[in-house]
Structures are given as structure tokens and as C-alpha cells.
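> Quick one: the structure is below, and I'll ask about it shortly.
The values are calculated or read from the model by the stated rules, or taken from the named source; none is laboratory data. Values in this document were obtained by computation on a predicted structure and should not be read as measured data. Methodologically, a virtual Cβ is constructed for each residue, glycine included, from the backbone with ideal geometry; neighbour enumeration extends over all protein chains shown. Protein only, heavy atoms only, side chains kept; ligands, DNA and RNA dropped before computing areas. Shrake-Rupley method; radii C 1.70, N 1.55, O 1.52, S 1.80 Å.
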Amino acid sequence: WGLIGLARSAFAGDQIGDDVTRLAGALALIFVGIPVFLLHWWLAQRAANQDEEERFSYIRAVFLYGALLATLIPIIQNLTALANRIFFALFSLSDNRLMFGSDQTWSDNLIAMLMNGLIAAYLFSVLRKDWAAEPIGATYTDTRRLYRFIWMLYGLAMVVGGVQQTLLYLFDALENTSIASQSILANGLTLILVGTPTWIISWRILQKAVVEQTEQESLLRAVILFMVNLISMVVTLFAGGVLLNILIQINLGERLTFAGLMGELRDPISIVIPFGISWAYFSRIRRQDLSAIEVDQQQPNRVQEVFEYLAAFLGLIAFFIGLQQLAFFTTSLLVEQPIWTDIYRQRLSAALTVLLIGLPLWLLNWRKANSHAKQDGDEENHLESSLIRRVYLYLVLFISVIGVMISAGVLIFEVLQAILGDPDENLLQTVLELVSLLILFSLVLWYHALILRSDGRLSAQIQAKLHAEFPILVLVSEFGDFSEMLVAALKKEAPKMPVAVHNIELGVPDEDLSDARAVILPTNIAANPGEAIRLWLQNFSGVRFVIPTPVQGWVWVSGNGNKIPNLVQQTAEMVRKLACLLYT
């Protein structure tokens, strides 16, 4: 940027003698930046050439791709400023309304593009050499994926903004073609002209790479598509709610002129269309990604479940607020019996709008989340997704409990205050509103408590099934307290789990006992098992648990061998958890 400032000063003509500050600043950046960069870049390159691990480290990959972004994005920004200036010249508009580079000149933009382009070309050549050397690990692959997604998001934001600005102009054109409206069109066309190829090229590269398994399994891709989809959905629904509110008010009797109607509709429609298209398109892309993933690769499904529960949570909040506003509106009508005015029309339309937006959003996503959580025969998926589901349920329950407490507390306060001789001015309406709020919170609390109990029963059934398919074999040198305590602890932790005890004095376990998924043995057997038991343990395909019981000549660095009940309890808990973790 020091070189850019110097070149801009050289092309400033007569201003070079007047703008001493600009020239001095550019020279200062050059005198400091060049030696510092050359020294450290030489050290970095030398280390990279001498050590492959250094060459393909995350720090180097992030630096190279980050520096490439820091040079290419200014090129696009200055290109946008040039395009913006061209459109303003075509429409004969003043430069003070430019969206980009209003304080710059053509030469300023061209110089910045040229200088950044030279540095970007050098960085690109360095990256090509590193890629030609076949990078070790996933450092370069992961960083390049992030780099591509940044370009995709950058281009997408420009396209969405350009379409929104262009739609605003079309609405304004129905009334007039003022200078302000033409500047909106010029800015919108600029964003579309530069943003569309930026988004298309980066997105096509990303879509071509998705055939690779590493790209399909990428958490970054899943998270970014999740965020784009979520933001598009929220903005679309918000703007759609504003639009729906206007239409409901018209149906309730509000009268608007054509110009007034266009003025009300221009903003929400200009937002709904681009963000709605983005929501629909990336929802389809996410569905395609999920359908391409194999059944045993659950990571993208977890992201999908998070999206469903988050969308359901937002929908439930909107649905609840709509019901609450509708209840408050109804109580005000019952108590005040007012004349129908614009205020009541607006209150009713606002309540119906939030209700109509929130109810389908909650129902659709809640039904999807329920169907995924309770698929028949999908026990492992249920256990893995239960954490996401429990977070959602407990969060709703917590908010509901707090809501019940607050509404009940305020209600009792108002009643007691009235009894003690200092009633509220609108006591009846206040009490009715608090009662309706208490009922709503109680209904939400009751419904989700039932869901949580149902999930608990289902989870217990699934775990019992898994435990039943996880037989345990306990090896002892003699029957006694140890085996009795261990069997009792296992039965307490997992009543359905088959447990068998075998005395090694009787020889190796028979074929039925050898089918156990895990074997538990004390230290004395592990230390001196005998040749037959040693060979049997060596060939055993399950998991081996060794309890560090006291044995003469053996010292365990960790654990407390003289507290057998504690060790037995810990072993039983580990076996219970392992039965679910190893289920396939």
C-alpha cells in the first residue's frame, strides 16, 4: 500500500507538491515495510525449503491464502468502484452518490488493481509450487476450502445486495425516475455485474470439488451452508412477516393509495425475493449433500438436526409471541370494548402475522426433528442425536418454568395489592393478561415435559436392548465377595445385561461363554493367568477389563486397590457406557 500511495501521488499531477502528507506516508510505509517483509519472508522460505513439516504447516497455508485474499479482494473492490463510476456516467449522475470509491479517481483504482495484481501473482506462484510438491496432511486442503468459501460468500452478498437495490429502483420507477432512484439502480447493477461472476466462479469450483469424499465429509462446508441457509431463512421470514402484516391490515379495512401501497411494499418485497431465492437454493443444495452422504457418515446429519431444532426453537418463540399478542388483544377488547381504530387493526394484524409465521416454522421443523429422533431400528442415531434434542427440550423447559414463575408472581402481586387497598388502574385487564400468559407458559411446559418423559422411556428401551446384546463374562479364581459385588453392581447399572461368572480352576470358558462382548478379571488372574487362560485371553475378540485388586509384588501407580467396592462400581459404570458406545 506504500507503493500504491506512491504511484497515486505520481499520477496526481500538480497535486504532488501540495499533498506532502500523502507522499510522506507512502514513503514511510515503503521504507519500513520492504526490509521487514524481505527479511522475514526470506527466513520463512528458507525454513520451508529445509523442512517439509514447516512448508505444509497451517500457519504457512493460512498466511499464503490470507495474503492472497488481502490482495485479490482490493482488486475486486476497485473493479467495483470502476464499474460504479461507469454506470453513474451513463446515467449522468453526480459522483457524490457513488456507493464505492466516491473519493477516488480512475487512476487510483487502476493503480491499486495493478499493484495488488502483481503481489497476488507472486503469491499464486508460491502456492502452485507448494501444491506441486504434494502437501502432506490436510493443511492446504482445509485452508483452500475456507478460502473458496470466503469468495463464495463475498460474491453471494454482492449479488443479493445488487438484486435488492435493483428491485427498489423498479418500485420507485412505478412512481418516478428521480435522481435518487437512478443512483440506486446504478449501485445495484454494479453489485450484480461484479458479484455474479465472483459468486458463480467460486461456487462452481466448490461444487466440482464436492465429488471428493473429503469435501463431502467437510464440517466447514456443512456449517457454512447451514449458516447461509439459516440467515436466508430468518431474513426472508422477517421481511415476509412485514409484507404479510401489510396485507392483513388491508384485509382488515385499512385504505392505501397506489403510491402509498408501493411505498409500503418496496422494502419487504425487495428483501424477500433475493433472500427467499437464496433460502430455497441452498436448502436444495443441503438436501443434495445429505443424500450423497453414506448412512454411516453421521456428521452432516448432526448439522442438519441442529438446524431443525434451531428453526423449531425460533418458530416456537414466534408462535408463542403471536398467541400472547392475540390473547392480550382479546382481553383488551373484552374489557375496554373500544371502537375499531387503526391502533387495534395494527395490533391484531401484528399478532396474526407473527402467529402465521411462527406456527408453520415450528410445526414443520419439529415434525422433522421428531421423525429423525424416533426412526424405527435406528438406535445408534437416537443415542447420538439425543444430546441435541435434550438441549432443545431443557432450554424450552427452563424458559417455560421461568415464565410460569414470573407471570404467577406478578399475578399474585397484583391480586394482593388490590386486596390491601391499592388496586391497579386497569386491574381486570392486567389480571386477564397475566392469567393468559400463565396459561400459555404452562401449556408449553406441560407439552415439552411430556415429550421429555416419552424420550426418557424410549431411551431406556433402546439402552435395555443394547445391554441385552452385550453379554459380560467375569473371570475369578474362586467364588466369593468379589464376584458377588461385581454381579450386583452390573445388574444395578444394566439390569438387562447378561452376566456370567467363570472360575478359571474349571479350565477355559466354553464356546457359549466365549461369545461375551467383554471380560472382567481381577489383577491376580491378569498377573498369573496360566497358559490355557493366557491363550484364551489372547484370542478373545472383545474388551478386557482388569480390576486392580491387591496382589503381592504388584503396585498400581493410579487407582486405589484397597477400596474394592469403589473399583467395582466404576467398572460396572464403564461397562454400561461401553455397551452403547461399541454398538454398531
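> Could we say that Ile150 is in contact with an Asp or Glu (Cβ under 7 Å, 6 or more places away or on another chain), farther than 26 Å from Asn96 by Cβ and β-branched (Val, Ile, Thr) here?
no
> May I pose another question? Is at least one residue of region 199-210 open to solvent by less than 40 Å² (accessible area, probe 1.4 Å), hydrophobic (A, V, I, L, M, F, W, C) and over 18 Å from Ser278 (Cα atoms)?
Yes; the residues of region 199-210 include at least one that is open to solvent by less than 40 Å² (accessible area, probe 1.4 Å), hydrophobic (A, V, I, L, M, F, W, C) and over 18 Å from Ser278 (Cα atoms).
> Scanning region 431-478 for residues that are at pLDDT 90 or above and of a type in the set (S, T, N, Q), which turns out most open to solvent (accessible area, probe 1.4 Å)?
The selected residue is Ser442.
> Report every pair of residues separated by at least 6 positions or lying on different chains whose Cβ atoms are under 9 Å apart, first residue within region 211-238 and buried (at least 20 other Cβ atoms within 10 Å of the Cβ), second at pLDDT below 90 and of a type in the set (Ser, Thr, Tyr).
Within 9 Å, no pair qualifies.
> Would it be correct to say that Val62 is modelled with pLDDT of 90 or more, open to solvent by 70 Å² or more (accessible area, probe 1.4 Å) and closer than 30 Å to Val194 by Cβ?
yes
> (1) closer than 30 Å to Arg302 by Cβ; (2) surrounded by 18 or more Cβ atoms within 10 Å (Cβ to Cβ): which one isn't true of Arg284, the others all being true?
(2)
> Report the residue count in region 388-430 for those that are of a type in the set (Ser, Thr, Tyr) and open to solvent by 30 Å² or more (accessible area, probe 1.4 Å).
Matching residues across region 388-430 total 2.
> For Asn49, only one of the following conditions fails: (1) over 23 Å from Ala138 (Cα atoms); (2) exposed (fewer than 15 other Cβ atoms within 10 Å of the Cβ); (3) in contact with a helix residue (DSSP H, G or I) (Cβ under 8 Å, 6 or more places away or on another chain). What is its number?
It fails just one condition, (1).
> Kindly provide the set of residues from region 9-35 that are open to solvent by 80 Å² or more (accessible area, probe 1.4 Å), at pLDDT below 85, among the hydrophobic types (A, V, I, L, M, F, W, C) and assigned to a helix (DSSP H, G or I), ordered by number.
Val20
> Scan region 246-260 for residues that are assigned to a helix (DSSP H, G or I), modelled with pLDDT of 75 or more and open to solvent by 40 Å² or more (accessible area, probe 1.4 Å) and jot them down.
Correct list: Leu247, Ile250, Asn251.
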